[in-house]
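Structure record follows, encoded as structure tokens.
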Amino acid sequence: MSRRRLLLGLLGMGLSRAQGLRAEEVVGGLEVPWALAFLPDGGMLIAERPGRIRLFREGRLSTYAELSVYHRGESGLLGLALHPRFPREPYVYVYRTVEEGGLRNQVVRLRHLGERGVLDRVVLDGIPARPHGLHSGGRIAFGPDGMLYVTTGEVYERELAQDLASLGGKILRITPEGAPAPGNPFLGRSGARPEIYSYGHRNPQGLAWHPETGELFSSEHGPSGEQGFGHDEVNLILPGGNYGWPRVVGRGNDPRYQDPLYLWPQGFPPGNLAFWRGALYVAGLRGEALLRLVLEGGKGHWRVVRVETALSGYGRLREVQLGPDGALWVTTSNRDGRGRVRPNDDKVLRLR
């Protein structure tokens, strides 16, 4: 994506500086933008939780697709990802909550037709959802191995996170066609879903791979009353790892469970996370800030040595992603029912 295309049509510069970063408002007036996907022709897809995917190209915002969703609480149209061989394989993947035929979450894919996308097929179905709409997970991303990773919540039924027969409270790993990915840790295990990559998660919200080691990191919401408060996490994800929920809140120092890499004891419910310029950036919802986590160590032995506020003043932040232009892209989430709506919310910001 060229710099010129990315900057065309900025809705007012709205520049501000925080910790050396400058934020440019690229597009505003959105409704709970949940995820971004960058097209090779310079366009950008934006998933809005009520069921729309918007296309922003050369300064113009249009509707790329409208999908039927169950939009309540934290459910609706959530994650977004392009096929790793896009556009040769012209598919856009979406995580959504649906009501028809029984309430559930699912991954579907759209066929890309240039200015719009049309529903192609369901890729993975039967992920738990509940009428309250809470803890639906929803982040999807293709890893360096070409497999699709999917975060799912335990829909406030805590024991689902430990139940290997359920897709709830897990990180899943599937092929682009929806089959369990080769090498998954529970393939062939009786009573276990073969799509499962890791388990014991409450409501994981982010996925990012270390650019040098290829290790997977995830962000996750800690309890909000059912077993205390706070203890939001960043985790290093190991295949087959059990991350403890609900047996453990935060660090359990129990060899049966994986302790978090980083923990906010008082709470910092995170959105997505992304590696950029040697650090790990985490978007904060209730924390209303983008944090920079400075890591030291090496593969399998990371530690967080410093945490800095990289950006604040825009309210709730949900998506953070490295763009093809080398900049960091962030979305606000002030219209999700839990924030203070600011002028021209919600927004997509470009940080440089």
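Suppose we keep only residues that are touching a strand residue (DSSP E or B) at 6+ places or on another chain (Cβ under 8 Å) and modelled with pLDDT of 95 or more within region 258-267. Which one would you say is nearest to Pro211 (Cα to Cα)? Going through the qualifying residues, I end up with Leu261. Can you find even one residue in region 73-89 that is under 25 Å from Gly153 (Cβ atoms) and among the basic types (Lys, Arg)? No: zero hits.
In the set (1) more than 19 Å from Val155 (Cβ to Cβ); (2) under 20 Å from the mean Cα position of the chain (by Cα); (3) in a loop (DSSP other than H, G, I, E, B), Arg130 fails one condition alone, (1). Restricted to region 60-112, the set of strands (runs of 3 or more DSSP E) holding at least 2 residues that are farther than 24 Å from Gly206 by Cα and of a type outside the set (Lys, Arg) comprises 60-66.
Yes/no matrix, rows are residues, columns are (1) more than 27 Å from Trp34 (Cβ to Cβ); (2) assigned to a loop (DSSP other than H, G, I, E, B); (3) modelled with pLDDT of 95 or more:
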| site | (1), (2), (3) |
| --- | --- |
| Pro194 | yes, yes, yes |
| Ser198 | no, no, yes |
| Arg202 | no, yes, yes |
| Phe217 | no, no, yes |
| Arg256 | yes, yes, yes |
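Within the option set Glu159, Glu99, being open to solvent by 60 Å² or more (accessible area, probe 1.4 Å), within 20 Å of Pro246 (Cβ to Cβ) and modelled with pLDDT of 95 or more holds for one residue only, Glu159. Can you report the number of residues in region 192-206 which are free of Cβ contacts under 8 Å to residues at least 40 places away in the same chain and open to solvent by 20 Å² or more (accessible area, probe 1.4 Å)? Adding up the residues that qualify gives 2.
For region 216-226, which residues satisfy the criterion of being out of contact with any helix residue (DSSP H, G or I) (no Cβ under 8 Å at 6 or more places or on another chain) and surrounded by fewer than 17 Cβ atoms within 10 Å (Cβ to Cβ)? Passing the criteria: only Gly225.
Looking across region 259-284, not a single residue is in contact with a Lys or Arg (Cβ under 7 Å, 6 or more places away or on another chain), open to solvent by 50 Å² or more (accessible area, probe 1.4 Å) and part of a strand (DSSP E or B).
Per-residue answers, yes or no, for (1) more than 16 Å from Leu21 (Cβ to Cβ); (2) out of contact with any Phe, Trp or Tyr (no Cβ under 6 Å at 6 or more places or on another chain); (3) at pLDDT below 95:
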position	(1), (2), (3)
Leu280	no, yes, no
Gly284	no, no, no
Arg292	no, no, no
Glu296	yes, yes, no
Gly300	yes, yes, yes
Ser312	no, yes, no
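The values are calculated or read from the model by the stated rules, or taken from the named source; none is laboratory data. Just so you know, these numbers come straight off a predicted model, no measurement behind them. Neighbour counts are summed over all protein chains in view; Cβ atoms, including those assigned to glycine, are modelled from backbone coordinates with ideal geometry. In case anyone asks, the SASA skips ligands and DNA or RNA and just uses the protein heavy atoms, side chains included. Shrake-Rupley method; radii C 1.70, N 1.55, O 1.52, S 1.80 Å.
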